[in-house]
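Below: the structure, in structure tokens.
The values are calculated or read from the model by the stated rules, or taken from the named source; none is laboratory data. As the structure is a computational prediction, the values presented were derived from the model and not from experiment. Here the Cβ is made from the backbone with ideal geometry for all residues, glycine too, and neighbour counts use every protein chain on show. All accessible areas refer to the heavy atoms of the entire protein, side chains included, with ligands and DNA or RNA removed. Shrake-Rupley method; radii C 1.70, N 1.55, O 1.52, S 1.80 Å.
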Amino acid sequence: MPRQLTVLGIESSCDDTAAAIVRHTEGSEPEILAQVVVGQAELHKDFGGVVPEIAARAHAEKLDYCVADVMAAADLSFSELDAIAVTSGPGLIGGVISGVMCAKGIAAATGTPLIGVNHLAGHALTPRLTDSVPFPYLMLLVSGGHCQFLIVRGVDDFTRLGGTIDDAPGEAFDKIARLLALPQPGGPNVEQAALNGDPARFRFPRPLLDRAGCDMSFSGLKTAVLRARDSVVAAKGGLTKQDQADLSAGFQQSVTAVLNEKSRRALTVYLAENPPVPTFAVAGGVSANMDIRSALETVAAENNTRFLAPPLALCTDNAAMIAWAGLERFRAGHQDDMTLSARPRWPLDTASKSMLGSGKKGAKA
Ligand code: KG4
Ligand code: ZN
């Protein structure tokens, strides 16, 4: 295995078409040589969410251009790549298939090794790309589609301590924005509205705090906000800006309180293992929320644990994390062949019991 590896990463599991090239020489910091992300927000904005068929078609159209652009930006030819890494699940199946087919095409044409990457492993290994964090570390993955605590022990070794049994927090922020007639994506807009709000005016539930462990639930909270909104509308005939702000602030405070307490519990489990460099890292779009971020930072500080939030562009969906996870897997001796298949569901930790909210066909993540 050469000491220096250069890997192309491809990501298309949700609504971002992305390609990136990461280079790493053993003993030094990894380097992102180039990255391209083409979002699809404009295509889905009239539908109130990502439409899988539209997403798949857009990925199929954009992938070749993203790869060509990233190769040109890094000034590399395919023969200079050591491997091609691609998200092969979990995610919206049409998009994942588009990415896998694109990667297989390049691998077959150039003879470059192919590596399938679990999208969640991409997020979970990002602290090693940005900060060379040693194993084991605690990770909170908190996005529009996911919410789980993981102890990351190795490139392919994850222990899930708990997660949401229904909605992900980002999804809840997006739904609350819709309820309050705020624009999408909901997270930043609800956060903005909450700045002028009184979180004490509405007292929303803090779901599952009465239950032991690290599982979470956010769908009942959403219903509580809906009821509060309806009663304000019934009483006053509509929502004022102040009502929007107070409802946003109350909702955000509940999400923060749940993540705060569950992080405390996850840290207790993790720290009981006496990790040599105690680290708590977050990833996912919701980690951009300052209220949530500072609550998590405080919990980490109280437990003498380093807190790490990678730059937002590497916290949200991107291909550099896929290239990096592929590079780590390749270095550990993994490689796939043309039988690599796209998986809509692919839990990172297959040993833990699947989460209540997972569908009939098994745990999504
Ligand atoms: O990680 P991400 O870009 O995509 C996936 O879900 O995979 O996360 C997007 C989610 C959206 O639901 C968005 O509303 C939420 O992250 N988000 C936020 C904030 N910024 C983005 N949620 C709360 N506060 C924010 N500032
Ligand atoms: Zn993601």
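Please go through the range 294-346 and give me each residue that is open to solvent by 50 Å² or more (accessible area, probe 1.4 Å), among the charged types (D, E, K, R) and within 30 Å of VAL258 (Cα to Cα), ordered by number.
Within the range 294-346, GLU297, GLU302, ARG306, ARG345 meet the criteria.
Does the range 104-112 contain at least one residue that is closer than 26 Å to HIS146 by Cα and hydrophobic (A, V, I, L, M, F, W, C)?
Within the range 104-112, not a single residue is closer than 26 Å to HIS146 by Cα and hydrophobic (A, V, I, L, M, F, W, C).
Can you tell me which of ALA309, ALA351, ALA301 is among the aliphatic types (A, V, I, L, M) and touching a residue at least 40 places away in the same chain (Cβ under 8 Å)?
ALA351
If we only count strands (runs of 3 or more DSSP E) wholly inside the range 111-161, which ones have 2 or more residues that are assigned by TED's automatic domain parsing to the domain that holds ASN303, under 15 Å from the mean Cα position of the chain (by Cα) and within 11 Å of ligand 2 (Cβ to nearest atom)?
Correct list: 137-142.
So, in the range 128-151, exactly how many residues are crowded, with 24+ Cβ neighbours inside 10 Å and more than 23 Å from ILE97 (Cβ to Cβ)?
11
Return the residue satisfying two criteria in turn: it lies in the range 267-290 and is within 18 Å of the chain's Cα centre (by Cα) and farther than 26 Å from PRO30 by Cα, and of such residues it is surrounded by the most Cβ atoms within 10 Å (Cβ to Cβ).
Residue satisfying both the conditions and the ranking: ASN289.
Sort out which residues of the range 1-19 are open to solvent by 10 Å² or more (accessible area, probe 1.4 Å) and away from ligand 2 (no atom under 11 Å from the Cβ), and write them in order of number.
Within the range 1-19, MET1, PRO2, ARG3, GLN4 qualify.
Read through the list (1) at positive phi; (2) surrounded by 23 or more Cβ atoms within 10 Å (Cβ to Cβ), then give the number of the only condition that GLY111 fails.
(2)
Might you let me know whether the range 190-210 holds any residue that is assigned to a loop (DSSP other than H, G, I, E, B) and in contact (Cβ under 8 Å) with a residue 60 or more places away in the chain?
No, the conditions are met nowhere in the range 190-210.
Name the residues in the range 215-243 that are of a type in the set (Gly, Ala, Ser), in a loop (DSSP other than H, G, I, E, B) and within 33 Å of the chain's Cα centre (by Cα), would you?
SER217
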